[in-house]
Amino acid sequence: GKRKRREGVFLAFFMLGVRVVVVLASLALSDAVRPVEIDREAVVSRHRIQLANASERILLSVGNGNFAFNFDQTGLQTFNSSGMILVTQSTWGWHTGLYPPGNGTPFNQFSYEMLNTTDAFGRRRSVPYGTCQGVPEDACGWLYTNPHRLNLAQISLQSSGSSPVTPSDLSDVSQELDLWTGMAESNFSLDGVGPVRVLTTAAMDSDTVAIKLQAPKLKAMDGLVSMRLAFPFASAGSTASDWNHDDQLTPNRHKTTVMYNESSIEGGWGTFGLLRTLDSDQYTINCTYYHHVDFNNTSNSICAWHVVRIGPHAFALECREQVLLRAGLRRGAQNPSSESPPSSSWSSSFGDVHAALAAGHQRYDEEEDDEETAKNEQRHEKAQRGEAKEEEEEEEEEDEEEEQMAWMRMRQLLLLLLLLLLLVVV
């Protein structure tokens, strides 16, 4: 009886120890899956891009996932001839060239050849690929290059006399791109002008790039520097731009039409809209510009409204402090002359775009926090359910162990009885 009691006490303490270990392990696991707050701003800000000696060979960009604006060390697309790809593109900006003239081969008659290939899992298969066998070469090339992405616009810095700014005209160049706010700041000294500061950003919810030009001599440098807005023809090449397209040879393929042009000296703003036509594709450009006019100085008032068309597809905006450019896809055959300026609700100044961008980042961060919190709570609930399930499994195991111990004791008793019987017989 004492032995059984000792065995019972030992078994009770043993099971108690097992339960204590299980509880401690479950608590440790619960702590391991508890939500951990992450300072996203600090994490993103660690990767802020800072260039002490920015070069025209280094390009940065701002955008929102559906729209992107590449820029060089000027904060604009000034050094486009450097061989780097400076473009403004969107997810909807595509161009389809004209079908080769005199070629009547319908699309469904292009020949396809079954080629043996190997997929990612090493399996052999036959896949039909379009080939040029029996098809005119120009028609096959048309299929290969269409559709292709558009370069929607180019905004560059231009010095006096409409001459382009060159890298040698800049000194003391520095650049910074804040990945958290989406704001790029470019600082440099321009020959004949002095120190210049350019802020570049993009709207979060529209295809809009906003630029702010700041310089101590801005109000007095009428004609010294300007922003140049230009538009290339489409190209299937890597630059998505054909700056050498002959409009006279094909006058109906490339057009830039002014839809509206309004300004307000009292309000310090102006806006104009352009309709871009490339073959059968069209899109619109709205350019809104701002300048704080000093009415005590008439030269400033004259400078503030000097917008000049300097080519079939190019405009100069002189003495502009802020420029906002928005691109949009055009559908249908509306009359360009019936177009009116868009409502000012989409943006009213560079500051508004930046404020909306910052608010969007904050809202996105809060939504991410809420989503992450919900995910962590789900993980925690799953862990708790897992702990309860583990406890049930442990209790079942304990019952099985007790049954096994009982059978073991019964077998031991039977062996003892057999030994006693043998002794009695002997």
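The values are calculated or read from the model by the stated rules, or taken from the named source; none is laboratory data. The structure presented is a predicted model; accordingly, all values stated were derived computationally and were not measured. All Cβ positions, even for glycine, are placed from backbone atoms using ideal geometry, and neighbour counts span all protein chains on display.
Things worth noting here:
- Residue under evaluation Ser160, criteria (1) small (Gly, Ala, Ser); (2) surrounded by 14 or more Cβ atoms within 10 Å (Cβ to Cβ); (3) modelled with pLDDT of 85 or more, criterion not met: (3)
- Residue identified as small (Gly, Ala, Ser) and farther than 22 Å from Ser159 by Cα among Ala215, Ala203: Ala203
- Any chance Ala25 is at pLDDT 70 or above and out of contact with any Leu (no Cβ under 6 Å at 6 or more places or on another chain): no
- From the list Thr201, Thr181, the lone residue that is under 19 Å from Ala358 (Cβ atoms), part of a strand (DSSP E or B) and modelled with pLDDT of 85 or more is Thr201.
- Options Met227, Met221; residue that is closer than 22 Å to Ala202 by Cα and modelled with pLDDT under 90: Met227
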